[in-house]
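Visitor: Encoded as C-alpha cells, here's the structure I'll be asking about.
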Amino acid sequence: MSEAFKYLSAAIAAGVAALAASWGNGKVITKTVESMARQPESAGNLRSTMFIGVGLIEAVPILAIVIAFLILFL
Amino acid sequence: MGNVFEFIQHKKGGHEVLEKSFVFKFLGLSFDLTGIIGSTLMALVVLFVCIWLSRKVEMKPNKRQNVIEYLLDFTDGIVKDNVSDKDAQKHLSLYAFVLFLFIWFMNMLGLFMEVKVGDWTVVKSPTADPVTTMSFAMMTLLLSFTFGMQKFGVGGYWRNYASPVGFLFPINIIEEITNFLTLSLRLYGNIYAGEVLLTLIGNRLAVSFGLPTMILAAPLAMIWQAFSVFIGSIQAYVFVTLSMVYIGRKVTKE
C-alpha cells in the first residue's frame with residue numbers, strides 16, 4: 001500500500017513542478033520576445049537576461065523533481 | 001593502520017539508492033571518493049585545455065588564441081555587467097573564468113561517462129552531489145564577505161545590512177542564507193535530475209519490453225543528453241552570473 005502512495009506522491013510532485021516551471025518560464029519568455037520585437041538592437045542583452053531568469057525560475061521546480069526521486073527511491 | 005579507513009555503506013532497507021557515492025572515513029572525517037576523483041579529473045582537464053589553448057600567443061590571434069580570448073571576454077562581460085567597482089572587477093575576472101570552465105566541465109562529465117564499481121558510482125558529475133555545489137556557493141559567500149569588508153570595513157559592512165531601513169536587518173540576513181541555499185541547490189538539482197533520468201532511460205526503459213523499447217530508448221537518450229548539455233551550460237552561466245551579482249551587491253554603495 002505504501003508503494004502505491006509513493007508512486008502517487010512522486011507523480012503529483014513532478015506534475016505540479018512541471019506546471020509551475022512551464023507557467024513561470026512562459027511568462028518570462030513571452031515578455032522577452034515582445035521586447036525583442038520592440039527593440040531589436042537590445043536582443044543580445046535581453047537574451048542573456050532571459051537565460052538568467054529561466055535559470056532562477058527553474059531552480060525550485062527542479063528541487064521538487066529531486067524530492068520526487070527521493071520519494072520514489074529512498 | 002588497520003582501523004584508520006572505514007567504509008560508509010548507504011543501507012536503506014534493501015532499496016536501491018541511485019548513484020551511491022563511495023564514502024570512506026579517514027581519521028574521523030568522511031571523504032567522498034567519487035567527488036574527489038571527478039573534480040580532480042576535471043581540474044586537470046581545465047588545466048590542460050587552458051595550457052593547450054594559450055601556447056604561441058601572437059599579436060594577430062591564431063585560432064586557439066581566439067577561443068581562449070573569446071572565453072575570457074565572455075566571463076569578463078559577466079563580471080563587468082554585474083560588479084560596478086573597478087577594483088573588485090580586476091580581482092574577480094580570473095575567479096569568474098575559472099569557475100565557469102570548472103563547473104561547465106564538471107556538468108559535462110556525467111553525460112560523458114559513468115563508472116560503476118560494484119554498487120558504488122566512482123565517476124559521475126561531481127556537481128550531482130549537493131556537498132560539492134555547496135562548496136562552490138560557500139566560496140562565493142566567503143568572497144562576498146571579504147570584498148564587502150575590504151571596501152567598507154567590518155563595522156561599515158554590518159551597517160550595510162541595516163540599510164535602507166533598520167528593521168530590514170533580519171530580512172537581509174535571511175536573504176544571505178537563502179541566496180546560498182538556492183545557488184547551491186539549483187545547480188545540484190539540475191545536474192542530478194538530468195543524470196538520474198539518463199540512468200533510468202538506459203537501465204529501466206530500454207530493457208522493460210525487449211527490442212521495441214530499446215529502439216525507442218536510443219533516440220530518447222540522445223535527445224535527453226543534448227538537452228542536458230544545454231541545461232548544464234545554462235546552469236554554469238547562471239551560477240557564475242549570480243555569484244557576480246551577489247558579490248557586486250556587497251561592494252556597491254547604495
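The values are calculated or read from the model by the stated rules, or taken from the named source; none is laboratory data. All values reported here derive from a predicted model rather than from experimental measurement. Here Cβ is always computed from backbone atoms with ideal geometry, including for glycine, and neighbour counts include all displayed protein chains.
Visitor: Hey, does the range B:32-53 have a residue that's farther than 19 Å from B:Gly110 by Cα, more than 17 Å from the chain's Cα centre (by Cα) and not in a helix (DSSP H, G or I)?
Guide: No, the range B:32-53 contains no residue that is farther than 19 Å from B:Gly110 by Cα, more than 17 Å from the chain's Cα centre (by Cα) and not in a helix (DSSP H, G or I).
Visitor: For B:Gly194, are the conditions met, namely being in contact with a Phe, Trp or Tyr (Cβ under 9 Å, 6 or more places away or on another chain) and not hydrophobic (A, V, I, L, M, F, W, C)?
Guide: Criteria met by B:Gly194.
Visitor: Yes or no: the range A:14-22 includes at least one residue that is within 29 Å of B:Asn179 (Cβ to Cβ), surrounded by 14 or more Cβ atoms within 10 Å (Cβ to Cβ) and among the polar types (S, T, N, Q).
Guide: Checked against the condition, which is being within 29 Å of B:Asn179 (Cβ to Cβ), surrounded by 14 or more Cβ atoms within 10 Å (Cβ to Cβ) and among the polar types (S, T, N, Q), the range A:14-22 yields no hits at all.
Visitor: When you scan the range B:180-194, how many residues do you find that are buried (at least 19 other Cβ atoms within 10 Å of the Cβ) and more than 11 Å from chain A (Cβ to nearest Cβ)?
Guide: 0
Visitor: Which residue out of A:Phe69, A:Phe73 is farther than 21 Å from B:Gly77 by Cα, touching a residue at least 24 places away in the same chain (Cβ under 8 Å), among the aromatic types (Phe, Trp, Tyr) and within 11 Å of chain B (Cβ to nearest Cβ)?
Guide: From the options A:Phe69, A:Phe73, the qualifying one is A:Phe69.
Visitor: May I pose another question? Inspect the range B:213-221 for any residue being surrounded by fewer than 20 Cβ atoms within 10 Å (Cβ to Cβ), more than 27 Å from B:Asp81 (Cα to Cα), away from chain A (no Cβ under 14 Å) and among the hydroxyl-bearing types (Ser, Thr, Tyr) and give the result as yes or no.
Guide: yes
Visitor: If you don't mind, another one. Within the range A:1-10, work out how many residues are among the small types (Gly, Ala, Ser) and more than 14 Å from A:Leu70 (Cβ to Cβ).
Guide: Of the residues in that region, 2 qualify.
Visitor: May I ask you to say which residue of B:Val240, B:Val207, B:Val245 is over 19 Å from A:Ala14 (Cβ atoms), among the β-branched types (Val, Ile, Thr) and more than 11 Å from chain A (Cβ to nearest Cβ)?
Guide: B:Val207
Visitor: Oh, and also: How many of the residues in the range B:143-167 are assigned to a helix (DSSP H, G or I) and surrounded by fewer than 13 Cβ atoms within 10 Å (Cβ to Cβ)?
Guide: So the answer is 6.
Here's the yes/no breakdown for (1) buried (at least 20 other Cβ atoms within 10 Å of the Cβ); (2) of a type outside the set (Asp, Glu):
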{"residue": "B:Asp87", "(1), (2)": "no, no"}
{"residue": "B:Ile103", "(1), (2)": "yes, yes"}
{"residue": "B:Val115", "(1), (2)": "no, yes"}
{"residue": "B:Thr121", "(1), (2)": "yes, yes"}
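Visitor: Evaluate the following for A:Ser48: is it hydroxyl-bearing (Ser, Thr, Tyr) and either within 11 Å of chain B (Cβ to nearest Cβ) or farther than 21 Å from B:Ser233 by Cβ (or both)?
Guide: So A:Ser48 fits the description; yes.
Visitor: B:Leu197: within 14 Å of chain A (Cβ to nearest Cβ) and modelled with pLDDT under 90, yes or no?
Guide: It is true that B:Leu197 is within 14 Å of chain A (Cβ to nearest Cβ) and modelled with pLDDT under 90.
Visitor: Restricting to the range A:51-63, name every residue that is more than 8 Å from chain B (Cβ to nearest Cβ) and within 10 Å of the chain's Cα centre (by Cα).
Guide: Within the range A:51-63, A:Ile57, A:Pro61 qualify.
Visitor: So which residues in the range B:232-254 are polar (S, T, N, Q) and at pLDDT 90 or above?
Guide: Within the range B:232-254, the subset polar (S, T, N, Q) is B:233, B:235, B:241, B:243, B:252.
Of everything in the range B:232-254, those that are polar (S, T, N, Q) and at pLDDT 90 or above turn out to be B:Ser233, B:Gln235, B:Thr241, B:Ser243.
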